[in-house]
Amino acid sequence: MINIKEDEKLSILNHSCAHLLAQAVKHLYPEAKFWVGPVIEEGFYYDIDLGDKVISDEDIPKIEHEMKKIAKDGKRIVRHEISKEEALEMFKDDPYKLDLISRMDESETIISCYTQGDFTDLCRGPHVETVKELKYFKLLKFSGAYWKGDKNNKMLQRIYGVCFPTEEELNNYLQELEESAERDHRKIGKNLDIFMNHDLVGKGMPLWLPNGAIIRKELENYIYKKEQKLGYKHVYTPCVGTVNLYKTSGHWDHYKENMFPVMKVDEEEFVLRPMNCPHHMLVYGNTLHSYRDLPIRIGEFATDFRYEASGAVKGLERVRSMCQNDAHLFVRPDQIGEEFKKVVELILDVYHDFGIKDYKFRLSLRDKNDKEKYFDDDKMWNEAEDKLREVLNSLHLDYYEAIGEAAFYGPKLDVEVKPAVGPEVTLSTCQLDFLLPRRFDLSYIDSDGNKQIPVVLHRAIFGTFDRFTAFILEETKGALPVWLSPVQVNIIPVNNEYHLEYANKIKDLLNDYRVKIDDREEKLGYKMRESVVNKIPITLILGQKEVDNNTISYRLYGSEATTTVSKEEFLEFLKDRINNKE
Ligand code: TSB
Ligand code: ZN
């Protein structure tokens, strides 16, 4: 999908359209006051103070109509420059503009304004020449937005829109938008009964329904097998820890705003864990280790809780209770490169199995100036960042660097993917850490009998089962491969009276698989359509011909063709499809 912010011409057009929106709102609601109206990836928005009025669905067409009227009128958009004093006088009744002016840099003595007809807005520009150029726009949605994003401030009304130079571009964009909405895992998750939310459980705390639980179990089995082969040892640890555990690890100082608040039980203070590293450090520290035992790979499907802003919480993609496919790899310094490489290879292997092709590697580094988030040890950071770069270069991987995205304990390699709706998110991650092993006083004995400190790689291949499931639902539009599908085979007897018995026999034959018989008294066409709506990968249609010849006729999701085979052939076909993860 197009990023409007990155295209200069589109950016200007959308910015001018934001002014047009403000002007129309001012015509309809003369009391309106305006905060900011920036261009964003998907177009523009304007934050508006409408007093007690809350924008509703009926208002949007009225505003659009007024915008069209003003645009047709075709006033020029004129820039003028005024002094700060003049600006303060001009906007003296507008607390929002006064706030903007007062926060301008001391060096900005000249302030620019743009006027179109009866409307003037404080603005750096640039803009299109006349409002006539704003022909092909659409208001997309609206929401409440706290002034300056602070929930102690007044709630303003935010209206979003988009503008293009031609009708064709606008229509293409709107069509793409519709398709993305169809692909949104929240919609698919609801239609296919994969997960639900409930206010009584809380925001960002999804409940996995039976269909979702099947997918999750398959994902767990899949990655567990891979990890076992690679020498990982899995553990189970509690999803709480004491405050002292997180003071030891440093999370208390560097990660507290992402954590749920403290619970007091008897004399102990607990928090829900936001990460599993501290528990795994203790597991490592429970036994003595020789240099020959390393790497030691401790894995867990571990539930974590994080405070995510309520506006950021999204379906299964961004949740407050999540389950990581986590592992901490304890290695000697000379093993970092090799072990890191193995993690990257595992990521590539898994992405290959799931057919994931559209992703970016991001090397996430610290922001040197952010002393609050990142522990202060230049040597350690430089060493860790150089090490990661070195390995990435040796693997010839394409990656980009992002400052300020590192974990507080070290730099990391993140894999970024684009959801159907909204900004990119991280799926897999592999993080280098020289800090936590020190804080937990971990060691191994080297070949000379001396104590050494191990290095830790934190890694999550799926990231979380939550986010990964959201992602594959969007990638597949809900049409999962057979091995992941909650229902793998749907059997439809053509006529219950004559063919149900045979259908039941076939169901017994397939009892190693997830099979359903649709024996409702409905028309064949209706049942077949429903099988498609439910995105079931294989539908069997069993009628007289199949009964007489002892055969199976099936259709694959997405195909109109029916194939007839012997039972043995069908079993073979099904097994192959599952094994090959097709
Ligand atoms: C990999 N300590 C490491 C771990 O050992 C860690 O917690 N890393 S993390 O903070 O990056 O989280 C791991 C993965 O969890 C991320 O890569 C991302 O895919 C996923 N994740 C993070 N926050 C959320 C969230 N709010 N909802 C769903 N998944 C999330
Ligand atoms: Zn970790």
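For the chain, adding -39500 (n - 2.57) for each run of n ≥ 4 DSSP H residues and dividing by the number of residues yields -11000 deg cm²/dmol at 222 nm.
Per residue, the convex hull around the alpha carbon atoms of the stretch 435-582 comes to 169 Å³.
Stokes-Einstein, applied to the Kirkwood radius of the stretch 348-414 over Cα pairs at a viscosity of 1.002 mPa s and 20 °C, places its translational diffusion at 165 µm² s⁻¹. P(r) for the stretch 206-256, from all Cα pairs and a bin width of 10 Å, is 20, 25, 30, 25, 0 %, short bins first.
Count charges around GLY117 for me, please; just the other residues with Cβ under 15 Å from its Cβ, Lys/Arg as +1, Asp/Glu as -1.
Summing Lys/Arg as +1 and Asp/Glu as -1 gives +2.
Taken along its three principal axes, the alpha carbon spread of the stretch 358-516 comes to 78, 44, 31 Å, from the longest extent down to the shortest. Going by neighbour counts of Cβ atoms within 10 Å, the residues LEU20, LEU200, LEU88 line up, fewest first, as LEU200, LEU88, LEU20.
For the chain, the average shadow cast by the Cα convex hull is 34.7 nm², which is a quarter of the hull's surface. Rounded to the nearest 20, the size of the Cβ-charge dipole of the chain about its Cα centre is 720 debye, with Lys and Arg at +1 and Asp and Glu at -1. When the trypsin sites (Lys or Arg not before Pro) in the stretch 26-110 are filtered for DSSP coil states and for at most 12 other beta-carbon atoms within 10 Å of their beta-carbon, the remaining sites are LYS92, ARG103.
For the cross-link pairs LYS26/LYS418; LYS26/LYS92; LYS357/LYS477; LYS203/LYS371; LYS233/LYS575; LYS203/LYS368, the ones whose C-alpha atoms lie over 27 Å apart are LYS26/LYS418; LYS203/LYS371; LYS233/LYS575; LYS203/LYS368. Residues LEU219, LEU542, arranged from fewest to most other Cβ atoms within 10 angstrom of their Cβ, appear as LEU219, LEU542. The stretch 23-59 and the stretch 253-277 have their alpha-carbon centroids 40 Å apart.
Quick note on the stretch 110-225: its Rg to Rh ratio, both from C-alpha atoms and Rh being the Kirkwood radius, is 1.16.
With Cα atoms defining each centre, the stretch 390-454 and the stretch 114-152 are spaced 42 Å apart in the structure.
Within 10 Å of each residue's Cβ, count the other Cβ atoms and sort MET281, MET1 from fewest upward.
MET1, MET281
Give me the base-10 log of I(q)/I(0) for the stretch 1-126 at each q in 0.13, 0.14, 0.17 Å⁻¹, Debye formula, one uniform scatterer per Cα, rounded to two decimals. Values returned for q = 0.13, 0.14, 0.17 Å⁻¹ are -0.57, -0.66, -0.97. Treating r as the C-beta distance of LYS247 and ASP386 and R0 as 25 Å, the FRET efficiency rounds to 0.25. Plugging the Kirkwood radius over Cα pairs into Stokes-Einstein for the stretch 359-452, at a temperature of 20 °C and a viscosity of 1.002 mPa s, what D comes out in µm²/s? Using the Kirkwood radius from Cα pairs, D works out to 145 µm²/s.
Throughout, read-outs are computed from the coordinates displayed, never taken from laboratory work. Note that the coordinates shown come from a computational prediction; the quantities given were computed from them, not determined experimentally. Glycine also receives a Cβ, built like all others from the backbone with ideal geometry; neighbour counts cover every protein chain displayed.
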